[in-house]
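Just below is one structure, and these are the notes that go with it.
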């Protein structure tokens, strides 16, 4: 054989080896794993989320136009208010089959990899995310993984991705009246892969910062574990919020809903619960959740507003500010629902256009001060009642809630009158150092000296040294 032959053979072998080496070194994708297996995966909550706040955005109702572009014009105002995380309610196309109302439910999705044309284009959405990032805000999107619309792009080609009855008919989610939606079947590995690929689409193409996952507890936890692993592999500092309260979901999620606090707040306003019920709740939270588990504190959101009434309807006008302040000063992350800064006193319609009227911004100053305190105070950094949360004994324990949040020499003291009557009381525990008023009533915060708080009032004080 000629030398030329051997040279060509050697060259081909080298090229083949380089190609083989390239593919063998290609990073392993978690998406290629068996998505039906139960896995152990240790997620890590991004640092940017640990001292943050969250603002829920209903694109349809936020502006008269109801578009991404129109909402984008509000970003400078929200930045000035101290908003750090924007949670956008579902941005996807809404199904027409079995639609409720004229515009339909945001949670009846016809295509996971497209935007609702009523809101604008994909480029409009990307522009919104990019501008939020420029302003040092983060964007998470609502993700509805449990069900789709009846005319979703998957439903005809992949009927086996849906839950079916004994006759082979696709069904609505069990135990619900969501008859505009079709239930997805997470026993199907192909459905799991397609769903995670759709989530990846938004991380890769729009650079979003995470997901608020609708009815997360209705979907197997092992799916969320795989989804989190895959997303983390693509973007390591994504944030996951579960619409659920079960402690075990923190294996995959950074934050869960504190529905229990919202219920107690409602009952205190109605005279059915008192401060002792709050204390018991804090004790339960300490037992059930780990020190790094974020809990979302809120008095309203889109569901509460529409189906149960605005916070003014449920609580009455006078208690709203005090309970808002409570959500900011407890361990966890406070949620502001769009319009609370105005305030929003009406129920927003869910299936039709019902624009929020922004005009007075009467509560803007309060929410701005609370966002600033949460962001800057080291005393509020702990996510748990186990660290730096000190309850203070007082002489009216059923009516007055008093506690201190502290870290080293920094401290924030909080006192609330959760009754419709003026209260006079003393703090029984020793208070070290000088606390200065930050927001609320101007009181002298010392031990064993009578303090007066008006009905449904509060005082937040800070100690810097």
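The values are calculated or read from the model by the stated rules, or taken from the named source; none is laboratory data. Every value quoted in this text rests on a predicted model; they were computed, and no experiment measured them. Methodologically, a virtual Cβ is constructed for each residue, glycine included, from the backbone with ideal geometry; neighbour enumeration extends over all protein chains shown.
Couple of notes before you dig in:
- Residue check, residue 48 touching a strand residue (DSSP E or B) at 6+ places or on another chain (Cβ under 9 Å), surrounded by fewer than 21 Cβ atoms within 10 Å (Cβ to Cβ), in contact (Cβ under 8 Å) with a residue 12 or more places away in the chain and closer than 30 Å to residue 343 by Cβ: yes
- Enumeration of residues in the range 178-199 that are in contact with a helix residue (DSSP H, G or I) (Cβ under 7 Å, 6 or more places away or on another chain) and surrounded by 19 or more Cβ atoms within 10 Å (Cβ to Cβ): 184, 186, 191, 192, 196, 199
- Scanning the range 341-383 for residues that are surrounded by fewer than 16 Cβ atoms within 10 Å (Cβ to Cβ) and in a helix (DSSP H, G or I) gives 365, 372, 375, 376.
- Qualifying position, being at pLDDT 95 or above, assigned to a helix (DSSP H, G or I) and under 20 Å from residue 138 (Cα atoms), among 190, 205: 205
- Test for residue 462: is it in contact (Cβ under 8 Å) with a residue 12 or more places away in the chain, more than 24 Å from residue 315 (Cβ to Cβ) and touching a helix residue (DSSP H, G or I) at 6+ places or on another chain (Cβ under 9 Å): yes
- Odd one out for residue 154, checked against (1) part of a helix (DSSP H, G or I); (2) under 30 Å from residue 38 (Cβ atoms): (1)
- Options 71, 125: the member that is in contact (Cβ under 8 Å) with a residue 24 or more places away in the chain, outside any loop (DSSP other than H, G, I, E, B), within 18 Å of residue 204 (Cα to Cα) and in the same structural domain as residue 222 (by TED's automatic domain parsing): 125
- Residue satisfying all of: in the range 430-465; modelled with pLDDT of 95 or more and at positive phi; farthest from the chain's Cα centre (by Cα) among these: 448
- Residues that are at pLDDT 95 or above and part of a loop (DSSP other than H, G, I, E, B) were ranked within the range 406-429; the one that is farthest from residue 270 (Cα to Cα) is 429.
- Single residue of 353, 369 found to be touching a strand residue (DSSP E or B) at 6+ places or on another chain (Cβ under 8 Å), assigned by TED's automatic domain parsing to the domain that holds residue 290 and in contact (Cβ under 8 Å) with a residue 60 or more places away in the chain: 369
Table: residues versus (1) within 28 Å of residue 136 (Cβ to Cβ); (2) in contact with a strand residue (DSSP E or B) (Cβ under 7 Å, 6 or more places away or on another chain); (3) assigned by TED's automatic domain parsing to the domain that holds residue 336.
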{"position": "214", "(1), (2), (3)": "yes, yes, yes"}
{"position": "226", "(1), (2), (3)": "no, no, yes"}
{"position": "268", "(1), (2), (3)": "no, no, yes"}
{"position": "273", "(1), (2), (3)": "no, no, yes"}
{"position": "278", "(1), (2), (3)": "no, yes, yes"}
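- Any hit, the range 126-139, residues being crowded, with 22+ Cβ neighbours inside 10 Å, in contact with a helix residue (DSSP H, G or I) (Cβ under 8 Å, 6 or more places away or on another chain) and closer than 23 Å to residue 217 by Cα: yes
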